[in-house]
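Written out below as structure tokens is the structure these notes cover.
The values are calculated or read from the model by the stated rules, or taken from the named source; none is laboratory data. Keep in mind that this is a model prediction, so the values were computed, not measured. Here the Cβ is made from the backbone with ideal geometry for all residues, glycine too, and neighbour counts use every protein chain on show.
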Amino acid sequence: RKEVEQDPGPFNVPEGATVAFNCTYSNSASQSFFWYRQDCRKEPKLLMSVYSSGNEDGRFTAQLNRASQYISLLIRDSKLSDSATYLCVVNLSYGGSQGNLIFGKGTKLSVKP
Amino acid sequence: GAVVSQHPSWVICKSGTSVKIECRSLDFQATTMFWYRQFPKQSLMLMATSNEGSKATYEQGVEKDKFLINHASLTLSTLTVTSAHPEDSSFYICSARELAGVLIQYFGAGTRLSVL
């Protein structure tokens, strides 16, 4: 079983749509969680961290369910500029200098006019 | 935010040559840097963790003699792909970690290596 699994998509949605991505992780010891965005042929960029209580940043809402080892990202009112690949990322440790990021393969989103 | 500079962004070389990639943290000190590789439509895979002043820790399956990592200062790590072959063609990305309450890693822009 892969450590971080995501639906690869692509998700093709019209502008203004709401879209949700899901992710599951296999290691219950995972401590910190993130969503990164990666544009074609570019480096990943941190979109937002994911907290147990859920968190929101503008049009983006992230949720974490530790019991189910499940992470989600909701994008409301999609913009053309949201088109990218969204990477679910987990880390096995918290704080200090230990651990490294484990990346999912990403979910591709394409927002159409 | 923190910036990581990676150079060069694109390399085309002949099979058998060596290629050196530099990764610099521009406005923070990075005791730990990471090197990733990404093949088309695949996830980023960690190759090695580079610690300033000590030997790098390589992930299973990554040849340490082929991918030489040097982390001589708190702001610079280098990856040298020795005797590159076409199967080494990939997107190489470095990352540096900044401790700011929650672990945050910043990524360089990546180096696209094409070996002919």
*asked:* So, restricting to strands (runs of 3 or more DSSP E) that lie completely within the stretch A:20-113, which ones have at least 2 residues that are among the β-branched types (Val, Ile, Thr)?
replied: A:70-75, A:84-91, A:107-112
*asked:* One residue is enough: does the stretch A:51-59 have a residue meeting the conditions within 27 Å of residue B:4 (Cβ to Cβ) and at the interface with chain B (Cβ under 10 Å from one of its Cβ atoms)?
replied: yes
*the stretch B:61-81 residues that are without any contact (Cβ under 8 Å) to a residue 60 or more places away in the chain, paired with ones that are outside any strand (DSSP E or B) and among the β-branched types (Val, Ile, Thr) (beta carbon under 7 Å, 6 or more apart)*: B:66/B:82; B:68/B:82; B:74/B:31
*When you go through B:22, B:87 one by one, which is the residue that is under 30 Å from residue A:7 (Cβ atoms), surrounded by fewer than 19 Cβ atoms within 10 Å (Cβ to Cβ) and among the acidic types (Asp, Glu)?*
B:87
*Filter the stretch A:1-29 down to residues that are of a type in the set (S, T, N, Q) and under 18 Å from residue A:47 (Cβ atoms) and give me whichever is surrounded by the fewest Cβ atoms within 10 Å (Cβ to Cβ).*
A:18
*Can you pull out the strands (runs of 3 or more DSSP E) entirely within the stretch B:1-54 that have at least 3 residues that are more than 10 Å from chain A (Cβ to nearest Cβ) and free of Cβ contacts under 8 Å to residues at least 12 places away in the same chain?*
none
*For the stretch A:1-19, what are the residues that are among the acidic types (Asp, Glu) and not in a strand (DSSP E or B)?*
A:3, A:7, A:15
*Which residue pairs have Cβ atoms under 7 Å apart, sit 6 or more places apart or on different chains, and have a first residue in the stretch A:76-102 that is modelled with pLDDT of 85 or more and a second that is of a type in the set (Lys, Arg) and in a loop (DSSP other than H, G, I, E, B)?*
A:76/A:59; A:77/A:59
